[in-house]
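Beneath this line is the structure, given in structure tokens, with notes to follow.
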Amino acid sequence: MGGGRRWPGRAIEPTSTDEIGRVVNRGLRARALSVLAANDRVTYTVPSGLLYPFQWNWDSCFVALALQTVGSPSEGEDRAWRELETLTRHQWTDGMIPHIVFHTDHDGYFPGPSFWGTECSSPAGTPTSGITQPPVLGLVLEQLWSRSSQDDSARLRCRALVEAVNRWHRWFGLARDPQATGLVSILHPWEAGRDNSVDFDRALASVPITDLPAYERRDTTVVAEAERPTDDDYDRYIALVVLFRGLGWDAAALHDASPFRVVDPGFNAILLASDRALARLGPAVGHPEIGDEAARRAAIGLDALSELWSPDRGQFVCRDRRSNLLVDNASIGGLLPVLVLDRDDVRLHHLCTQIEEWLQLAPFGVASQHPADAGFDPQRYWRGPTWLITNHLLAMGLRRTGRDDLADRIAGSSRSLLERSGFAEYYDPLTGAGLGGSTFSWTAAMAIELSMPHPSPLGEVDRLGDREPPRL
Ligand code: GLC
């Protein structure tokens, strides 16, 4: 399903100043393009044809970065904006951008469109899930804009997307931070994008699973059970969907009614980084007031993030919003605040030390769980394996603070995983073996991103100072 586009696209030549560690060979880029071509559905991209046959929120955002480099510059730009326009077209009237858009009928995934029962809330025509995902959209928009033509058409398209992102971020404040603490809760582990992380074990265990309807998992027919969440986890995921469905997906009711309410430092750091991106991007696309609003939100959130710092762990950790207790676990979510800390913040140095230690223990990293921890499982989904999108976010954060050395190490690890094991969904951080689904879109997108001469335009922007808008 190449959608009649020209594949593979234009070559991106590495510049002479590029470090070798950031360069992906041409063969790899060509293979990455063919993975994206196979998963292309013209107006959106599926994460993987077999395992995830619909549009996923943060997958599409990462994929848009790669799509921008495919075909002629105008073709690439058009396709990248379109990927995101398709996603935001399904934004709910309350502002939420859902985690899955079910564009077609397909019985290869459970829970599918009919199970969610979101007809009352999702925009007419296309069913969606009723929960959201990590808000990387703002961050990605800034990257796309800084590499775009920045002509009138690009400005208009980017401007509409900025408006959608701002509505989404406002929704987070209202629906997920009703006490105005500055930090938002996730109400389902799927919202974190790190479904079965050890971070969520205790909170998930409090989700009742009596009276569950009979259902059949589809994921374990495609991927080995040892690499996926357990049946018990799955029961609780489904129980939450059933509960929310019973509340008519009313965002005002969900937060306090949910037995699962977790403040995830990774999720919040992504939201803050996206708000900072909006703060720079707003004025550049004719929305200075959105820029100001986003800058205010980011300042409050950054302050509040300190509540999640664990001096014992030397990193950030989750907080269970029901018990108000910190969750004593070291996962990659607690390292993602490298996206927002200032370079002279001592906590940044602790996070860098953690990343170095994790890479020592699990060289094909960065693992999703501390490799020396009892809960570390190198093959099971988000309980140990390495994911290239989290590597990308870490490297991006490190570059903006001048830690290119560590960012290069992470990029080198991503590159060797790609070369060794192809475009797997995730990888064993001890052996480098590919795990989960194969021919995965966001992994292919990250391969292409690694081949870009400047992997992080955000880094350059930030180095000019936080208030500086991107190139006009
Ligand atoms: C899994 C991942 C999630 C991702 C989705 C589609 O659910 O945990 O982060 O968005 O698959 O790839």
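Among the residues of the stretch 302-340, what is the count of those that are of a type in the set (A, V, I, L, M, F, W, C), closer than 17 Å to GLU356 by Cα and in a helix (DSSP H, G or I)?
Within the stretch 302-340, residues that are of a type in the set (A, V, I, L, M, F, W, C), closer than 17 Å to GLU356 by Cα and in a helix (DSSP H, G or I) number 4.
State which residue is surrounded by the most Cβ atoms within 10 Å (Cβ to Cβ) when the search covers only the stretch 355-372 and only residues that are of a type in the set (A, V, I, L, M) and over 21 Å from the mean Cα position of the chain (by Cα). Please lay out each step first, then the result.
Filtering the stretch 355-372 for residues of a type in the set (A, V, I, L, M) gives 355, 359, 361-362, 366-367, 372.
This time we only want the ones that are over 21 Å from the mean Cα position of the chain (by Cα), so: 359, 361-362, 372.
Numbers: LEU359: 20, LEU361: 16, ALA362: 26, ALA372: 12.
Taking the candidates together, the pick is ALA362.
Restricting the search to the stretch 373-393, which residues are buried (at least 24 other Cβ atoms within 10 Å of the Cβ) and either more than 27 Å from ALA224 (Cα to Cα) or away from the ligand (no atom under 16 Å from the Cβ) (or both)?
LEU393
Would you mind telling me which numbered condition in (1) within 16 Å of the ligand (Cβ to nearest atom); (2) hydroxyl-bearing (Ser, Thr, Tyr); (3) not in a loop (DSSP other than H, G, I, E, B) SER74 fails?
Tallying (1) within 16 Å of the ligand (Cβ to nearest atom); (2) hydroxyl-bearing (Ser, Thr, Tyr); (3) not in a loop (DSSP other than H, G, I, E, B), SER74 fails exactly one: (1).
Among the residues that make up the stretch 395-417, is at least one of them within 16 Å of the ligand (Cβ to nearest atom) and closer than 27 Å to LEU271 by Cβ?
Checked against the condition, which is being within 16 Å of the ligand (Cβ to nearest atom) and closer than 27 Å to LEU271 by Cβ, the stretch 395-417 yields no hits at all.
Any residue in the stretch 371-384 that is touching a residue at least 40 places away in the same chain (Cβ under 8 Å) sitting within a Cβ distance under 8 Å of a residue that is within 16 Å of the ligand (Cβ to nearest atom) and among the hydroxyl-bearing types (Ser, Thr, Tyr)? List the pairs, counting only those 6 or more apart or interchain.
That search, which allows pairs on different chains as well, returns TYR381/TYR426; TRP382/SER197; TRP382/SER331; TRP382/SER368; ARG383/SER197; ARG383/SER368; GLY384/SER368.
How many residues, within the stretch 225-266, are of a type in the set (S, T, N, Q) and either closer than 23 Å to ALA304 by Cα or in contact with a Cys (Cβ under 9 Å, 6 or more places away or on another chain) (or both)?
First, the residues of the stretch 225-266 that are of a type in the set (S, T, N, Q): 230, 258.
Filter once more, so that each one left must be either closer than 23 Å to ALA304 by Cα or in contact with a Cys (Cβ under 9 Å, 6 or more places away or on another chain) (or both): 258.
Going through the stretch 225-266 one residue at a time, the tally reaches 1.
Test each condition in (1) closer than 30 Å to PRO378 by Cα; (2) in contact with a His (Cβ under 8 Å, 6 or more places away or on another chain) for ARG236 and report the one that comes out false.
(2)
Residue-wise test of (1) more than 15 Å from PHE244 (Cα to Cα); (2) more than 22 Å from the chain's Cα centre (by Cα).
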position	(1), (2)
GLU83	yes, no
ARG89	yes, no
SER114	no, yes
GLY117	no, yes
SER122	no, no
GLY125	yes, yes
PRO135	yes, no
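Report the residue count in the stretch 345-381 for those that are in contact with a Phe, Trp or Tyr (Cβ under 8 Å, 6 or more places away or on another chain) and not aliphatic (A, V, I, L, M).
8
Do we have ARG202 as part of a helix (DSSP H, G or I), surrounded by fewer than 23 Cβ atoms within 10 Å (Cβ to Cβ) and in contact with a Lys or Arg (Cβ under 9 Å, 6 or more places away or on another chain) here?
Criteria not met by ARG202.
In this structure, does PHE260 turn out to be under 30 Å from GLU216 (Cα atoms) and either over 23 Å from the mean Cα position of the chain (by Cα) or assigned to a helix (DSSP H, G or I) (or both)?
No; evaluated as a whole, the condition is false for this residue.
More than 16 Å from the ligand (Cβ to nearest atom) and either in contact with a Pro (Cβ under 7 Å, 6 or more places away or on another chain) or of a type in the set (A, V, I, L, M) (or both) - does that describe any residue in the stretch 36-55?
Initial filter on the stretch 36-55 (more than 16 Å from the ligand (Cβ to nearest atom)): 37, 42-43.
Those still in the list that are either in contact with a Pro (Cβ under 7 Å, 6 or more places away or on another chain) or of a type in the set (A, V, I, L, M) (or both) too: 37, 42.
Taking every residue of the stretch 36-55 in turn, at least one turns out to be more than 16 Å from the ligand (Cβ to nearest atom) and either in contact with a Pro (Cβ under 7 Å, 6 or more places away or on another chain) or of a type in the set (A, V, I, L, M) (or both).
What is the one condition in (1) closer than 16 Å to GLU142 by Cα; (2) out of contact with any Pro (no Cβ under 7 Å at 6 or more places or on another chain); (3) of a type in the set (Val, Ile, Thr) that VAL263 does not satisfy?
Only one criterion is unmet by VAL263, namely (1).
Among the residues of the stretch 253-290, how many are in contact (Cβ under 8 Å) with a residue 40 or more places away in the chain and farther than 20 Å from THR390 by Cα?
Of the residues in that region, 18 qualify.
For the stretch 422-429, indicate whether the set of residues that are among the charged types (D, E, K, R), at pLDDT below 95 and closer than 27 Å to HIS350 by Cβ is non-empty.
Scanning the stretch 422-429, I find no residue that is among the charged types (D, E, K, R), at pLDDT below 95 and closer than 27 Å to HIS350 by Cβ, so the answer is no.
Scanning for something closer than 20 Å to GLN133 by Cβ, at pLDDT 95 or above, in a loop (DSSP other than H, G, I, E, B) and of a type in the set (A, V, I, L, M), does the stretch 388-398 turn up at least one residue?
Among the residues of the stretch 388-398, not one is closer than 20 Å to GLN133 by Cβ, at pLDDT 95 or above, in a loop (DSSP other than H, G, I, E, B) and of a type in the set (A, V, I, L, M), which makes the answer no.
Looking at (1) under 30 Å from VAL338 (Cβ atoms); (2) at pLDDT 95 or above; (3) within 16 Å of the ligand (Cβ to nearest atom), which one does VAL241 not meet, given that it meets all the others?
(1)
With the requirement that a residue be crowded, with 20+ Cβ neighbours inside 10 Å and in contact with a Ser or Thr (Cβ under 8 Å, 6 or more places away or on another chain), what does the stretch 45-61 give you?
Answer for the stretch 45-61, where residues must be crowded, with 20+ Cβ neighbours inside 10 Å and in contact with a Ser or Thr (Cβ under 8 Å, 6 or more places away or on another chain): THR45, VAL46, PRO47, SER48, PRO53, PHE54, GLN55, ASN57, ASP59, SER60.
The values are calculated or read from the model by the stated rules, or taken from the named source; none is laboratory data. These numbers were taken from a predicted model, which means no experiment stands behind them. Neighbour counts are summed over all protein chains in view; Cβ atoms, including those assigned to glycine, are modelled from backbone coordinates with ideal geometry.
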